[in-house]
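Structure record follows, encoded as C-alpha cells.
The values are calculated or read from the model by the stated rules, or taken from the named source; none is laboratory data. Note that the coordinates shown come from a computational prediction; the quantities given were computed from them, not determined experimentally. Using ideal geometry, Cβ is built from the backbone for each residue, glycine included, and neighbour counts are taken over all protein chains shown. Calculation scope for accessible area: heavy atoms of the full protein, side chains included, ligands and nucleic acids excluded. Shrake-Rupley method; radii C 1.70, N 1.55, O 1.52, S 1.80 Å.
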Amino acid sequence: MITRDRIVQTFLDLVAIDSPSGDEDRIAAELEHRLRALGLRAVQDAAGNVLARLEGTGDPVLLSAHMDTVEPGRGITPRWDGPDIIRSDGSTILGADNKAGCAVILEVLQSLIEDGGPHRPVEVAISRGEEVGLVGAANMDYSRITARIAIVIDSGGPPSSIQGQAPYHYTYDIEVHGRSAHAGLEPEKGIPAITIAAEIVAGLPQGRLDSETTGNVGIIRGGLVRNAVPDYCLVQGEFRSMVEEKAETLARNARRHIDLVRERHPGARIDVRLGMAYPGYRLEPGDPAVDLLFPVLRSLGFEPNPHPVGGGTDGNVFRGRGISAVVIGRGGYNQHTKDEYLVIPEMLDCARVVEAAARSGAG
C-alpha cells in the first residue's frame, strides 16, 4: 500500500542531501543504498546513473526520474504550508524537481514488494545531469535496460498532467578564432573575433519565432582586456521546435549564415558544432506508453490531459533510443524557482498511478 507518511519522509530525506547538477555523488549513493535495501540489484553505470531492476512477470516497464536539482539548491530547508503543501523557506528551491519523482519510485517499489501479487518487471533509471542537458540519459548504459515502455516522473501538476508533445532541440557551439593586436597602436593587424561573432549572432534565430518554435543565444564569451583586439570568442545557444522540419530548416539556415560570415572573414577560423541534442515527439493513439498509462489513469478516476511542453526531459532521450516514454506530473509547482512547492496528495496520486501501471498487464 502506498503510505503517505513514508513517501513524505523519503522526500524530506532526499531533499536534505544537496545534489545540484555535477554534485550528485551523495544522492546517487543514497539511492543505490535504498534500492539495494529493498532487495533490488542496483548499480551505478559509467555515467553515474543509478540503475536497478525488480523481477516480475510480463513485459517490463521502466520507471525514471532524475536526481539532480538546479541552483540555488544547497542547504534546502522545507517548510509546511498547511497539512498538504511543502515549500522551501524562500532562500532556495525546494527540490521537488525531482526528488519527488525519486520518492515516488522508491515508494512504488516498496509497496509492490510488501503487498505481493503479480506485477511487471520494474526497471529503474535515475539519471544525473538532467538539468544541464539530459546528460545522464544521453550517456546511460542502455544494455542494462530491456523495457520498451517508460514512465518518466518529471512533470508539474497531478499525474493526469501529461507531456503530450515535446520539441526537437538543437544546440550549437561556435568558436571564432581571430588575431590579437594592440587596439590603440596597430588595430589593423588584428582580426577581431568578437566583431565576427556579433555578425554571426545577428543572423541566428532568437526569441519566439512562431507558436511552435523558439531560438536563443545564451552565452557569448570572449576577449581579455579592453585595449587588445580579441582573438577568441565563443557563442553558445539553441533552437527548438515541435515540428522536426522547422528545426531542421533552422539548422540549415544557421549553417548557411555561418558559411557566409566565414567567407567575409577569410583570415579568421570559425569552428562550429551544431546538431540535435534530443528528438521531439508527439503522443498518439496506439503509442505503447499511452496504451498502458491512459487506461490506468481513467480506472483511478483521472482524465489524461496531454499537452505540449516547450522543454525536454529524459523522455525525449528514451524515445530517441526506441523506448516509448510518457512524462507525468508528480505534484510539484513553480519548479526552478524559490517559490517551488509540492502538493502531497498529488504526489500520492502519482505513486498510486505508477503502481497500478506496474501491476497492469502482469503475466
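Numbers below:
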{"item": "Hey, VAL243 in contact with a Gly (Cβ under 9 Å, 6 or more places away or on another chain) and either free of Cβ contacts under 8 Å to residues at least 40 places away in the same chain or open to solvent by less than 70 Å² (accessible area, probe 1.4 Å) (or both) or not", "result": "yes"}
{"item": "Answer residue from the stretch 111-123, given it is in contact with a Ser or Thr (Cβ under 8 Å, 6 or more places away or on another chain) and surrounded by fewer than 24 Cβ atoms within 10 Å (Cβ to Cβ) and is farthest from GLN44 (Cα to Cα) among those", "result": "PRO118"}
{"item": "Residues located in the stretch 193-204, provided they are under 28 Å from the mean Cα position of the chain (by Cα) and open to solvent by 20 Å² or more (accessible area, probe 1.4 Å)", "result": "VAL201"}
{"item": "Identity of the residue in the stretch 279-293, in a helix (DSSP H, G or I) and touching a residue at least 60 places away in the same chain (Cβ under 8 Å), that ends up most open to solvent (accessible area, probe 1.4 Å)", "result": "PRO288"}
{"item": "Residues of the stretch 92-133 satisfying the condition of being modelled with pLDDT under 95 and within 22 Å of ILE145 (Cα to Cα)", "result": "GLY133"}
{"item": "Odd one out for MET276 among (1) more than 20 Å from the chain's Cα centre (by Cα); (2) open to solvent by 20 Å² or more (accessible area, probe 1.4 Å); (3) touching a residue at least 40 places away in the same chain (Cβ under 8 Å)", "result": "(1)"}
{"item": "Matching residues in the stretch 330-363 - criterion: being within 21 Å of LEU112 (Cβ to Cβ), modelled with pLDDT of 95 or more and touching a Ser or Thr at 6+ places or on another chain (Cβ under 8 Å)", "result": "ARG330, ALA351, GLU355, ALA356"}
{"item": "Pick from the stretch 294-307, criterion open to solvent by 50 Å² or more (accessible area, probe 1.4 Å) and in a loop (DSSP other than H, G, I, E, B), ranking: farthest from ASN139 (Cα to Cα)", "result": "GLY301"}
{"item": "Enumeration of residues in the stretch 88-100 that are more than 22 Å from the chain's Cα centre (by Cα) and either among the polar types (S, T, N, Q) or crowded, with 17+ Cβ neighbours inside 10 Å (or both)", "result": "SER91"}
{"item": "The stretch 140-192, residues that are in contact with a Gly (Cβ under 6 Å, 6 or more places away or on another chain) and surrounded by fewer than 17 Cβ atoms within 10 Å (Cβ to Cβ)", "result": "ARG179"}
{"item": "Residues within the stretch 35-52 that are open to solvent by 20 Å² or more (accessible area, probe 1.4 Å) and in a helix (DSSP H, G or I), tallied", "result": "2"}
{"item": "Candidate set from the stretch 267-301 (those that are in contact with a helix residue (DSSP H, G or I) (Cβ under 7 Å, 6 or more places away or on another chain) and of a type in the set (Phe, Trp, Tyr)); member that is nearest to VAL243 (Cα to Cα)", "result": "TYR281"}
{"item": "Matching option when the condition is in contact (Cβ under 8 Å) with a residue 12 or more places away in the chain and more than 26 Å from THR57 (Cβ to Cβ), among GLY315, GLY361, GLY310", "result": "GLY310"}
{"item": "Subset of the stretch 246-273 [open to solvent by 50 Å² or more (accessible area, probe 1.4 Å) and part of a helix (DSSP H, G or I)]", "result": "LYS246, GLU248, THR249, ARG252, ASN253, ARG255, ARG256, ASP259, LEU260, ARG262, GLU263, ARG264"}
{"item": "Residues of the stretch 41-70 satisfying the condition of being under 21 Å from the mean Cα position of the chain (by Cα) and polar (S, T, N, Q)", "result": "GLN44, ASN49, SER64, THR69"}
{"item": "Test: GLY136 is over 25 Å from ARG298 (Cβ atoms) and open to solvent by 40 Å² or more (accessible area, probe 1.4 Å)", "result": "no"}
{"item": "Leading residue by the ranking (nearest to GLY95 (Cα to Cα)) among those in the stretch 64-82 that are of a type in the set (S, T, N, Q) and open to solvent by less than 10 Å² (accessible area, probe 1.4 Å)", "result": "THR69"}
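Conditions tested, residue by residue: (1) over 15 Å from LYS99 (Cβ atoms); (2) crowded, with 21+ Cβ neighbours inside 10 Å; (3) touching a residue at least 60 places away in the same chain (Cβ under 8 Å).
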| residue | (1), (2), (3) |
| --- | --- |
| ILE7 | no, yes, yes |
| ASP13 | no, no, no |
| ASP23 | no, no, no |
| GLU30 | no, no, no |
| HIS33 | yes, no, no |
